[in-house]
Amino acid sequence: MIERTFVLLKPDAVQRGLMGEIVGRLESKGLKPVAMKFMRLPKELAERHYGEHKGKIFFPGLIEYITSGPVLCMVWEGENAVASVRAMMGKTNPQDALPGTIRGDLCQQTGRNAIHGSDSVESARREIGVFFNDYEIQEWKRSVDPWLFE
C-alpha cells in the first residue's frame, strides 16, 4: 500500500553532516521524496509536534534540543512507507539498534539519535499537516518506479 510518512532529521544529524547519507539511504530503499524543508523550529511548532510528551519530565529538554539548530523536515512516499522508515531508523536507543539501521550505524545516545519518523499512518498525517501545506507536497512520477514495483 502506497502511503506517506513524515521524517525529521534532528539538529545532531545536521551538525554532523549526515543529511546526505540519510536521505541517500531513504532514496536507495526506493522511497520517493515529495516534500523537504530546511528550517529552525520555532518553540511553538516544536511544542505542537511533540505535544503528546507535554508534562513529561524530559519535555523541556526535548524542546530546547530540537530548537537548538536547523532540522530537515521531509515527507516520503512509498509502499508501507511508515513501517519501512521505522525499520530503517532502528530502535530509539542507538545502543539497542541493529547494525545496518540509521541509529545503529550512526548514533550513540537516545538524546542524539539523529532522526524522527512517524510511528503510524495517522501520526504521519498529523505530523505532515503540522509542517507542510498541501501546495508544498509534490506529486510526481519517477522513471525508475517500474523497476521498483510490479
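Just one of (1) in contact (Cβ under 8 Å) with a residue 24 or more places away in the chain; (2) over 16 Å from residue 103 (Cβ atoms); (3) surrounded by 15 or more Cβ atoms within 10 Å (Cβ to Cβ) fails for residue 63. It is (1).
This table checks each residue for (1) modelled with pLDDT under 95; (2) among the charged types (D, E, K, R); (3) within 16 Å of residue 34 (Cβ to Cβ).
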{"residue": "81", "(1), (2), (3)": "no, no, yes"}
{"residue": "86", "(1), (2), (3)": "no, yes, no"}
{"residue": "96", "(1), (2), (3)": "no, yes, no"}
{"residue": "102", "(1), (2), (3)": "no, no, no"}
{"residue": "121", "(1), (2), (3)": "no, no, yes"}
{"residue": "131", "(1), (2), (3)": "no, no, yes"}
{"residue": "144", "(1), (2), (3)": "yes, no, yes"}
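Close contacts from segment 4-17, counting a first residue that is within 21 Å of residue 87 (Cα to Cα) and modelled with pLDDT of 95 or more and a second that is among the charged types (D, E, K, R) and not in a helix (DSSP H, G or I), with Cβ to Cβ under 6 Å and a gap of 6+ residues or different chains, come to 4/77; 12/112. Could you tell me whether residue 87 is without any contact (Cβ under 8 Å) to a residue 12 or more places away in the chain, out of contact with any strand residue (DSSP E or B) (no Cβ under 7 Å at 6 or more places or on another chain) and within 23 Å of residue 21 (Cα to Cα)? Taking the combined requirement at face value, the residue does not satisfy it. Of all the listed residues (27, 47), the sole one being among the charged types (D, E, K, R) and exposed (fewer than 15 other Cβ atoms within 10 Å of the Cβ) is 27. Residues in segment 90-106 that are surrounded by 15 or more Cβ atoms within 10 Å (Cβ to Cβ), in contact with a helix residue (DSSP H, G or I) (Cβ under 8 Å, 6 or more places away or on another chain), free of Cβ contacts under 8 Å to residues at least 24 places away in the same chain and not hydroxyl-bearing (Ser, Thr, Tyr): 90, 91, 94, 97, 103. Scanning segment 30-44 for residues that are surrounded by 13 or more Cβ atoms within 10 Å (Cβ to Cβ) and part of a loop (DSSP other than H, G, I, E, B) gives 30, 31, 40, 41. Taken together, 83, 114 contain a single residue that is surrounded by 14 or more Cβ atoms within 10 Å (Cβ to Cβ) and at positive phi, which is 114.
The residues of segment 1-24 that are in a helix (DSSP H, G or I) and surrounded by 17 or more Cβ atoms within 10 Å (Cβ to Cβ), listed by number, are 11, 12, 13, 14, 19, 22, 23. Within segment 31-45, residues that are among the basic types (Lys, Arg) sit with their Cβ atoms under 7 Å from residues that are loosely packed, with under 13 Cβ neighbours inside 10 Å and part of a loop (DSSP other than H, G, I, E, B), at 6+ positions apart or across chains, in these pairs: 32/142. Do we find that residue 136 is exposed (fewer than 11 other Cβ atoms within 10 Å of the Cβ) and more than 21 Å from residue 14 (Cα to Cα) in this structure? So residue 136 fails the test. Restricted to segment 50-150, the set of helices (runs of 4 or more DSSP H) holding at least 1 residues that are within 17 Å of the chain's Cα centre (by Cα) and within 24 Å of residue 3 (Cα to Cα) comprises 81-89, 102-106, 121-131.
The values are calculated or read from the model by the stated rules, or taken from the named source; none is laboratory data. Every value quoted in this text rests on a predicted model; they were computed, and no experiment measured them. Ideal geometry is used to build each Cβ from the backbone, glycine not excepted, and the neighbour counts take in all protein chains shown.
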